[in-house]
Amino acid sequence: MSNIKIELTQTPRQKPDLNSQLPFGKYFTDHMFIMDYTDGKGWYNPRIVPYAPLSLSPATVCLHYAQESFEGLKAYKTKDNKLQLFRINENFSRLNKSNKRICIPELDSELCIDAVKKLVEIDKDWMPTAVGTSLYIRPFIIATDELIGVQPSKNYIFMIILSPVGSYYPNGIEPIKIYVEEKYSRTAPGGTGATKVGGNYASSLLAQKEAAEKGCIQVLWLDGAEHKYIDEVGAMNVFFLIGDTIITPELNDAILPGITRKSAIELIRSFGVKVEERKLTIEEVAKAAENGELKEMFGTGTAAAVSPVGKLFYKNREIIINDNKIGNLTKRLYDELTGIQNGDLPDKFNWIFPIEGN
Ligand SMILES: *Cc1c(COP(=O)(O)O)cnc(C)c1O
């Protein structure tokens with residue numbers, strides 16, 4: 001199908017204990033995918049090679065001005081040892097949207113999907129075995145012009161690396177405590193919030209650090225213009241069960257369009273529960289909590305799938321949600337979503353991309 005060259009390693013790396021509780025994003029597999037781009041020539045030389053460090057000039061433009069985009073998804077192993085991907089087509093269409101926003105040339109999604117499948121197939125021995133574990137897949141693009149100048153690069157490399165990761169919830173799902181951020185902004189109207197570009201995450205670190213000093217694991221981001229409307233929670237999309245309705249902020253140019261978010265909306269609707277995508281203020285949530293109408297709150301993203309929120313720290317007060325326990329709807333969503341991803345439940349929405357040859 002595609003002309004990906006393959007060079008297998010002669011010196012396989014030492015694997016961590018794949019049955020242990022692997023930390024997120026610390027170990028990498030034996031191979032990586034790489035492809036080059038030069039203006040006028042387009043993308044060329046797609047290849048899978050032994051995992052190795054890159055050699056870059058200190059003047060490489062991405063190191064200075066963050067012209068970089070990325071994606072994050074997982075390969076899952078089913079009970080009968082088949083490997084599968086979840087909605088990977090969405091990841092590469094989103095990557096191309098991110099690229100467009102920061103002037104990176106478009107990639108061929110079909111080639112990218114093929115590259116992921118081949119790479120996972122080659123490094124399948126790195127797949128951890130326990131329930132809830134996976135191979136995390138990180139595609140990314142960096143601008144590689146040797147130039148200290150703020151302008152779109154003429155050269156890029158696109159890469160894919162794989163990392164075996166443990167279960168996000170080795171001790172069972174525990175609700176998290178979140179700090180409502182009223183000082184810092186993650187992004188702004190007209191900014192890059194709706195894209196997965198490296199610069200967004202550097203700018204979120206200080207808020208996260210200060211929230212941690214207050215005993216919170218993440219921050220609830222409010223809109224960058226007024227700090228009034230809810231955007232996201234950490235690097236997850238956010239949902240509230242208020243009365244009988246699930247409410248999630250409607251997408252705009254500040255909110256990352258999560259694939260887990262999109263899937264959660266479809267799943268919850270399939271439960272017969274009403275879902276509204278609309279603007280939602282932090283005041284509306286605080287009032288709903290006061291009136292006893294705020295029943296559940298959770299974040300969604302590839303890393304955790306679904307993450308219940310048990311406490312909100314807002315204006316020096318603590319709002320406790322559902323007694324700081326995971327709610328019934330949150331639990332059902334978690335079970336059904338991860339069930340489809342792991343192949344324990346039927347793929348009724350056609351979300352699964354099997355990896356052939358398994
Ligand atoms: C990646 C990401 C998400 C979640 O997206 P998924 O496709 O569900 O993994 C949400 N918010 C931010 C800021 C992200 O970077």
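Within the stretch 181-194, is there a residue that is within 23 Å of the chain's Cα centre (by Cα), closer than 18 Å to A303 by Cβ and either surrounded by 21 or more Cβ atoms within 10 Å (Cβ to Cβ) or within 16 Å of the ligand (Cβ to nearest atom) (or both)? Scanning the stretch 181-194 turns up at least one residue that is within 23 Å of the chain's Cα centre (by Cα), closer than 18 Å to A303 by Cβ and either surrounded by 21 or more Cβ atoms within 10 Å (Cβ to Cβ) or within 16 Å of the ligand (Cβ to nearest atom) (or both).
Applying the criterion of being open to solvent by 20 Å² or more (accessible area, probe 1.4 Å) and in a strand (DSSP E or B) to the residues of the stretch 47-69, the residue that is nearest to the ligand (Cβ to nearest atom) is E68.
So is A202 under 30 Å from I104 (Cβ atoms) and away from the ligand (no atom under 11 Å from the Cβ) or not? When the stated conditions are applied, A202 passes them. Being open to solvent by 50 Å² or more (accessible area, probe 1.4 Å), within 16 Å of the ligand (Cβ to nearest atom) and not in a strand (DSSP E or B) is true of E266. Quick one: is I230 assigned to a strand (DSSP E or B) and more than 16 Å from the ligand (Cβ to nearest atom)? Spelling it out, it is not the case that I230 is assigned to a strand (DSSP E or B) and more than 16 Å from the ligand (Cβ to nearest atom).
Pairing residues of the stretch 142-169 that are over 24 Å from I6 (Cα atoms) and modelled with pLDDT of 95 or more with residues that are part of a loop (DSSP other than H, G, I, E, B) and acidic (D, E), at Cβ distances under 6 Å and at least 6 apart in sequence or on separate chains, gives S153/D145; K154/D39; K154/D145.
Applying a threshold of 7 Å to beta carbon distances and a minimum spacing of six or more residues, or different chains, the list of pairs starting in the stretch 177-196 at a residue that is of a type in the set (A, V, I, L, M, F, W, C) and at pLDDT 95 or above and ending at one that is in a loop (DSSP other than H, G, I, E, B) and within 9 Å of the ligand (Cβ to nearest atom) reads A194/I255; A194/L256; A194/P257.
Could you say which residue among K295, K315, K274, K287 is away from the ligand (no atom under 16 Å from the Cβ) and touching a Gly at 6+ places or on another chain (Cβ under 9 Å)? Please lay out each step first, then the result.
Values: K315 fails: touching a Gly at 6+ places or on another chain (Cβ under 9 Å); K274 fails: touching a Gly at 6+ places or on another chain (Cβ under 9 Å); K287 fails: touching a Gly at 6+ places or on another chain (Cβ under 9 Å).
Exactly one of K295, K315, K274, K287 is away from the ligand (no atom under 16 Å from the Cβ) and touching a Gly at 6+ places or on another chain (Cβ under 9 Å), namely K295.
Anything in the stretch 329-358 that is of a type in the set (S, T, N, Q) and in contact (Cβ under 8 Å) with a residue 12 or more places away in the chain? List them, or say none. Correct list: T330, T338, Q341, N342, N358. Checked against (1) over 19 Å from the mean Cα position of the chain (by Cα); (2) surrounded by fewer than 19 Cβ atoms within 10 Å (Cβ to Cβ), Y156 passes all but condition (2). Just one of the listed residues (S20, S109, S93) is without any contact (Cβ under 8 Å) to a residue 24 or more places away in the chain and open to solvent by 40 Å² or more (accessible area, probe 1.4 Å), and it is S93. Kindly provide the set of residues from the stretch 80-90 that are of a type in the set (D, E) and either buried (at least 23 other Cβ atoms within 10 Å of the Cβ) or at pLDDT below 95 (or both), ordered by number. D80 - this is the single residue of the stretch 80-90 that is of a type in the set (D, E) and either buried (at least 23 other Cβ atoms within 10 Å of the Cβ) or at pLDDT below 95 (or both).
The values are calculated or read from the model by the stated rules, or taken from the named source; none is laboratory data. Owing to the predicted nature of the structure, the values given are computational and were not obtained by experimental measurement. Cβ atoms come from the backbone with ideal geometry, glycine included; neighbour counts cover every protein chain shown. Side chains included, ligands, DNA and RNA excluded: accessible areas come from the protein's heavy atoms. Shrake-Rupley method; radii C 1.70, N 1.55, O 1.52, S 1.80 Å.
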